[in-house]
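The values are calculated or read from the model by the stated rules, or taken from the named source; none is laboratory data. The structure presented is a predicted model; accordingly, all values stated were derived computationally and were not measured. Glycine gets a Cβ as well: all are built from the backbone with ideal geometry, and neighbour counts include every protein chain shown.
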Amino acid sequence: MRSTTVRRRLLAATALLPVLALAACGSDPKIAGAAGAGGSATAAEDVVSGVAASPAAVALLPEDVRKAGKVTFGSSFGAAPTAFYVDQVSKKPAGIDVDFTDAVAKVLGLTVDRQEAAFETILPALDSGKFDVGTGNFGVTAARLKTIDFVTYIDDGQGFAVKKDNTAIQPVTDLVQLCGLTIGTGAGTTFESTLNNRKNVCVDAGKKPYEVKAFSDNGALLTSLQQGRVDIQMSTINGLRHQAAQEASGIRFLGEFHRLDVGFAFKKGSKLTPAFQAAVNQLIKDGTYERILRKWGVADSAIKESQISPPEHT
């Protein structure tokens with residue numbers, strides 16, 4: 001799910017075995033389609049083009065944005081089903097974040113200026129004004145809420161996966177179960193923060209600490225898990241479920257650990273948030289929201305209504 005520069009992505013992709021690259025990036029539209037509950041569509045299914053502008057939502061936009069008719073998104077690309085490229089030749093974007101971005105823009109009568117960026121660079125770039133909005137399956141956490149505003153659109157969170165033939169590691173309900181293991185996760189993510197902030201649990205339990213290895217590229221993380229360089233992977237619930245559903249990946253989803261709201265990210269105090277909230281709620285109302293979730297097989301990640309910067313799930 002996480003992205004570096006385009007050049008680094010291409011270099012990493014060429015280093016992977018074909019079957020690993022297929023599992024990591026979803027380069028086949030059939031494989032890239034829904035793999036979770038409630039869906040069987042492919043990346044090619046169009047659920048956005050029929051979305052109409054909402055005058056009420058458009059009226060909530062700041063005047064300068066409404067006149068410009070464009071919003072710049074800093075977007076992280078990595079693995080299905082969140083945001084990825086259908087293939088590396090056409091660079092056609094697809095995924096949950098892509099569909100929601102395009103649908104919200106249509107409701108608001110805006111053009112999307114989508115700029116790929118490394119996951120860990122997007123939130124800092126919002127404060128500098130480089131991007132108006134950030135997408136990358138950003139979970140709403142108490143730490144992030146200090147400097148970032150969110151407009152929620154799905155419920156995802158943290159989960160774990162291991163190699164399919166690894167039967168020694170059972171579903172993780174407490175981080176003390178990870179003591180002595182090497183854990184692979186995404187750089188700059190809530191997963192990395194959670195693991196690093198709670199390393200004391202092993203020392204407190206009189207056990208060997210776990211080791212955290214952070215990766216900026218999802219393909220490299222998957223390869224490390226498959227080749228045994230990490231024992232377990234911590235990532236998004238939806239991403240790991242999708243990954244495990246691909247037979248070629250050889251991965252087993254262990255289960256959910258902690259649910260989080262996921263939202264469009266904005267600089268603290270951004271005047272765009274009311275309009276984006278209204279747009280998401282319009283998509284929920286007109287049925288587009290459900291169609292997007294079912295397309296990608298993540299119907300159990302639905303929210304009833306969008307919120308602006310709600311507190312972190314506890």
Next on the checklist: Anything in segment 176-217 that is touching a strand residue (DSSP E or B) at 6+ places or on another chain (Cβ under 8 Å) and small (Gly, Ala, Ser)? List them, or say none.
Outcome noted: 184, 186, 187, 188, 214, 216
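Please state which one of 263, 239, 219 is touching a Cys at 6+ places or on another chain (Cβ under 7 Å) and under 30 Å from residue 152 (Cβ atoms).
On the way: 263 fails: touching a Cys at 6+ places or on another chain (Cβ under 7 Å); 239 fails: touching a Cys at 6+ places or on another chain (Cβ under 7 Å).
When all the criteria are applied, what remains is 219.
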Checklist entry - Across segment 98-125, which residue is farthest from residue 219 (Cα to Cα) among those that are assigned to a strand (DSSP E or B) and β-branched (Val, Ile, Thr)? => result 111
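Could you grab me the full set of residues in segment 54-96 that are within 21 Å of residue 122 (Cα to Cα), of a type in the set (A, V, I, L, M, F, W, C) and crowded, with 21+ Cβ neighbours inside 10 Å? Outline the logic, then answer.
The initial filter retains those residues of segment 54-96 that are within 21 Å of residue 122 (Cα to Cα), namely 65, 70-85, 91-96.
Filter once more, keeping what is of a type in the set (A, V, I, L, M, F, W, C): 65, 71, 73, 77, 79-80, 83-84, 94, 96.
Listed by number, the residues that qualify are 71, 73, 77, 79, 80, 83, 84, 94, 96.
Working only within segment 249-289, note down all residues that are more than 20 Å from residue 167 (Cβ to Cβ) and among the aliphatic types (A, V, I, L, M).
Matches in segment 249-289: 260, 262, 265, 272, 275, 278, 279, 280, 283, 284.
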Checklist entry - Is it the case that segment 303-311 has a residue that's of a type outside the set (Val, Ile, Thr), without any contact (Cβ under 8 Å) to a residue 60 or more places away in the chain and surrounded by fewer than 16 Cβ atoms within 10 Å (Cβ to Cβ)? => result yes
Next on the checklist: Please verify whether residue 292 is farther than 27 Å from residue 181 by Cα, β-branched (Val, Ile, Thr) and free of Cβ contacts under 8 Å to residues at least 24 places away in the same chain, treating the condition exactly as stated.
Outcome noted: no
Checklist entry - Any residue in segment 52-61 that is modelled with pLDDT of 50 or more, in contact with a Lys or Arg (Cβ under 7 Å, 6 or more places away or on another chain) and part of a helix (DSSP H, G or I)? => result yes
Checklist entry - What are the residue pairs meeting all of these: first residue in segment 211-226, first residue among the hydroxyl-bearing types (Ser, Thr, Tyr), second residue assigned to a helix (DSSP H, G or I), Cβ atoms under 6 Å, and 6 or more apart or on different chains? => result 223/20
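Quick one: in segment 81-97, which of the residues that are touching a strand residue (DSSP E or B) at 6+ places or on another chain (Cβ under 8 Å) and not in a strand (DSSP E or B) is farthest from residue 70 (Cα to Cα)? Steps first, please.
So the first thing to find is which residues in segment 81-97 are touching a strand residue (DSSP E or B) at 6+ places or on another chain (Cβ under 8 Å), and the list is 82-86, 91-97.
From what is left, the residues that are not in a strand (DSSP E or B) are 82-83, 86, 91-92, 95-97.
Details: 82: 23, 83: 21, 86: 25, 91: 21, 92: 20, 95: 21, 96: 21, 97: 17 Å.
Once the filter is applied, the top-ranked residue is 86.
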Next on the checklist: Considering only residues that are of a type outside the set (A, V, I, L, M, F, W, C) and touching a strand residue (DSSP E or B) at 6+ places or on another chain (Cβ under 7 Å), which ones fall in segment 156-165?
Outcome noted: 156, 157, 158, 159, 163, 164
Checklist entry - Quick one: what pairs do we get from segment 119-144, first residue under 21 Å from residue 298 (Cβ atoms) and in contact (Cβ under 8 Å) with a residue 40 or more places away in the chain, second part of a loop (DSSP other than H, G, I, E, B) and acidic (Asp, Glu), C-beta under 9 Å, 6+ apart or different chains? => result 139/312; 140/312; 141/312
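Residue by residue, here is whether (1) modelled with pLDDT under 95; (2) surrounded by fewer than 23 Cβ atoms within 10 Å (Cβ to Cβ); (3) among the basic types (Lys, Arg) holds:
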residue: 227; (1), (2), (3): no, yes, no
residue: 261; (1), (2), (3): no, no, no
residue: 268; (1), (2), (3): no, yes, yes
residue: 272; (1), (2), (3): no, yes, no
residue: 284; (1), (2), (3): no, yes, no
residue: 290; (1), (2), (3): no, yes, no
